[in-house]
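Visitor: Submitted below is the structure of interest, expressed as structure tokens.
The values are calculated or read from the model by the stated rules, or taken from the named source; none is laboratory data. Keep in mind that this is a model prediction, so the values were computed, not measured. Cβ coordinates were reconstructed from backbone atoms using ideal geometry, including for glycine residues, and neighbour counts include every protein chain displayed. To get the accessible areas, we keep the full protein, side chains included, count just its heavy atoms, and leave off ligands, DNA and RNA. Shrake-Rupley method; radii C 1.70, N 1.55, O 1.52, S 1.80 Å.
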Amino acid sequence: MSNPKALIKLSNPWHLLATGFGSGLSPIIPGTMGTIASIPFYLLLVQLPLFAYIGVVIFAAIIGNKICDITADDMKVHDHGSIVWDEFVGFWITMLMIPILGINPFDWKFILLGFVLFRFFDMVKPWPISWLDKKVDGGFGIMIDDVVAGFMSLAALWWLSDYLAWL
């Protein structure tokens, strides 16, 4: 089949999660749409105690290996653009810095900055993200570059937070 998206069935829970509840099926910038779709879930997650937030993100990253692997196998394409669970996890990792710093987690400036930073690192793929993206296969390969992009974005958000706090 020439259209891998045609193999996605949103009635399949693996596909539903992998496509970010369908956000990754957007015909334009699916990774960005997936990251946008992850924001309401962040707003729910950040209301949890920090240890629970971290636990959910770790669980989402681990189960993401399976979610992405199954969906990529079903689509017969490694890391198709419509698979955006990795963007969800990467953005949630980025935003972990907000409650750690004691910043209002609903402050739109920090949500926007976290979004921009994560999309930057995910799209530009500086080393080691680019190396991981090219060299690691399977569900783990789909997840790991976005997890690392999330941690690089987290560090950049931390560094920039003092500059943005005065706004």
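Visitor: Multiply the residue gap between Asn104 and Ile28 by 0.36 nm, knock off their C-alpha separation, and tell me the result in nm, one decimal place. Could you put the intermediate results ahead of the total?
Guide: Numbers: separation 76, 0.36 × 76 = 27.36 nm, distance 3.15 nm.
The span from Asn104 to Ile28 would gain 24.2 nm if fully extended.
Visitor: Next question, about the same structure. Between Ser26 and residues 5 or more places away or on another chain, which pairs have amide H atoms under 5 Å apart, with H built 1.01 Å from N, and which residues are they?
Guide: none
Visitor: May I pose another question? Which one, Leu43, Leu25, Leu96, has the greatest fluctuation when you compute a Gaussian network model over the chain with C-alpha springs under 10 angstrom?
Guide: Leu43
Visitor: Related question: Ignoring ligands, DNA and RNA, what accessible area per residue does the stretch 8-123 give at 1.4 Å, in Å²?
Guide: Details: 5170 Å² over 116 residues.
For the stretch 8-123, the per-residue accessible area is 45 Å².
Visitor: Using only the Cα atoms of the stretch 2-48, build the gyration tensor, take square roots of its eigenvalues as a ≥ b ≥ c, and label the shape rounded, prolate or oblate: rounded if a/c is under 1.5, else prolate if a/b is larger than b/c, else oblate.
Guide: On the way: a/c = 4.49, a/b = 1.73, b/c = 2.60.
Here the stretch 2-48 falls in the oblate category.
Visitor: Here's something else I'd like to know. Summing Lys, Arg as +1 and Asp, Glu as -1, what charge do residues with Cβ under 14 Å from the Cβ of Lys135 carry, Lys135 excluded? Write out the running numbers ahead of the final one.
Guide: On the way: positive: Lys125, Lys134; negative: Asp79, Asp133, Asp137, Asp145.
Cβ neighbours under 14 Å give a net charge of -2.
Visitor: Hey, what do the phi angles of the stretch 54-70 turn into as Karplus ³J(HN,Hα) couplings, whole Hz, using 6.51/-1.76/1.60 and θ = phi - 60°, x for Gly and Pro?
Guide: Result, ordered by residue: 4, x, 5, 5, 4, 4, 4, 5, 5, 5, x, 4, 6, 3, 6, 5, 4 Hz.
Visitor: Just to verify a number: what accessible area does Met123 come out at with the full protein assembly present, 1.4 Å probe, Å² rounded to tens?
Guide: 120
Visitor: Would you mind getting me the FRET efficiency between Trp127 and Trp159? Use the beta-carbon distance for r and R0 = 22 Å, nearest 0.05. Spell out each step's value before the answer.
Guide: Numbers: r = 19 Å, r/R0 = 0.84.
After rounding, the FRET efficiency stands at 0.75.
Visitor: Take the alpha-carbon centre of the stretch 19-94, take the same for the stretch 111-167, and report the distance between them in whole Å.
Guide: 14
Visitor: Here is a further query. Under a straight-distance cross-link criterion of Cα-Cα below 17 Å, which lysines are reachable from Lys125, leaving out those fewer than 8 residues away in the same chain?
Guide: Result set, ordered by chain and number: Lys134, Lys135.
Visitor: Could you give each residue of the stretch 125-130 its phi-based ³J(HN,Hα) in whole Hz, using Karplus coefficients 6.51, -1.76, 1.60 with θ = phi - 60°, and x for Gly or Pro?
Guide: 6, x, 4, x, 4, 4
Visitor: At 7 Å along the Cα-to-beta-carbon direction for both Asp74 and Val136, put a label point, then send me their distance in nm to one decimal.
Guide: Here the modelled spin labels are 2.4 nm apart.
Visitor: Moving to a separate point now. How about Lys76: which lysines have a C-alpha closer than 16 Å to its C-alpha, ignoring those fewer than 8 places off in the same chain?
Guide: Lys5, Lys9, Lys66
Visitor: Still on this structure, please answer the following. With the chain treated as a Gaussian network of Cα nodes joined by springs under 10 Å, which of Ser130, Ser11, Ser82 yields the largest mean-square fluctuation?
Guide: Ser11
Visitor: Given the DSSP H assignment, sum -39500 (n - 2.57) over each helix run of at least 4 residues in the chain and divide by its residue total; what's the result at 222 nm in deg cm²/dmol, nearest 500?
Guide: Details: 8 runs with 116 residues, N = 167.
It lands at -22500 deg cm²/dmol.
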